[in-house]
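Below is one structure, written out as structure tokens; the observations come after it.
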Amino acid sequence: MRLYPAAPVIGRRAVADAVVDGHTIPAGADVVVAPWVTHRHPRYWEDPDRFDPERFAPGAEKDRPRYAWFPFGGGPRACIGQHFSMLESVLALAMVLGAYELEAVDRRVPVDAGITLRPKGPARCRLRPAGRG
Ligand code: HEM
């Protein structure tokens with residue numbers, strides 16, 4: 001959800017002229033904010049390309065700005081399914097990892113960034129029944 005956010009960009013259309021951080025945004029302009037970019041920004045993430053779930057350990061997030069990580073958007077239009085999907089994905093992962101050990105076959109998986117992010121082709125991995133080495 002950080003390195004491969006399912007919604008890599010979030011779009012808005014400006015309804016009025018605005019100035020954001022010194023940049024003028026005219027009414028009618030399309031604006032994108034990109035979790036893909038912010039989630040890999042070295043200002044907020046040390047060694048940004050490294051997968052490290054400990055970044056989300058209890059207490060770790062207090063050292064980052066609120067919107068350094070925003071895979072579900074934010075504010076009044078934030079995703080209503082965010083808590084459900086985090087629960088569902090952890091449960092699904094726990095069930096798969098309880099049954100199998102997974103080893104990636106493809107070290108690099110090109111992505112296809114449409115409305116949602118997905119692998120461009122198969123993301124192959126080798127499965128072994130859990131606990132059998
Ligand atoms: C990993 C899973 C998911 C991701 C990454 C995700 C991400 C997002 C994002 C980025 C937005 C747009 C926020 C914006 O425009 O500011 C959004 C909106 C929305 N999501 Fe999700 N979503 C996920 C799962 C779900 C699920 C499971 C549901 C329903 C059960 C759901 C329902 C919605 C709805 C209804 C909106 C529109 C909210 C509004 O405009 O008021 N999403 N989601």
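Where a number appears in this text, it was derived from the coordinates with a stated rule and is not lab data. Predicted model only: the values in this text are computed from it and were never measured. Cβ: placed from backbone, ideal geometry, glycine included. Neighbour counts: every protein chain shown.
Observations, loosely collected:
- Meets criteria (surrounded by 11 or more Cβ atoms within 10 Å (Cβ to Cβ) and more than 19 Å from the chain's Cα centre (by Cα)) for LEU3: no
- If you go through the range 100-114 and pick out every residue that is β-branched (Val, Ile, Thr) and either more than 16 Å from the ligand (Cβ to nearest atom) or loosely packed, with under 10 Cβ neighbours inside 10 Å (or both), you end up with 2.
- Residue match in the range 9-30 (condition: in a loop (DSSP other than H, G, I, E, B), touching a residue at least 60 places away in the same chain (Cβ under 8 Å) and within 16 Å of the ligand (Cβ to nearest atom)): yes
- Scanning the range 61-74 for residues that are more than 16 Å from the ligand (Cβ to nearest atom) and loosely packed, with under 12 Cβ neighbours inside 10 Å gives LYS62, ASP63, PRO65.
- When we screen ASP30, ASP52 for residues that are surrounded by fewer than 11 Cβ atoms within 10 Å (Cβ to Cβ) and within 25 Å of THR116 (Cβ to Cβ), the only hit is ASP30.
- Only one of ASP47, ASP30 that is more than 30 Å from ARG13 (Cα to Cα) and of a type in the set (D, E, K, R): ASP47
- Taking the range 57-81 as the range and being in contact (Cβ under 8 Å) with a residue 24 or more places away in the chain and part of a helix (DSSP H, G or I) as the test, the residues that pass are TYR67, ALA68.
- Tallying residues that are of a type in the set (Lys, Arg) and closer than 20 Å to PRO5 by Cβ within the range 94-114 yields 1.
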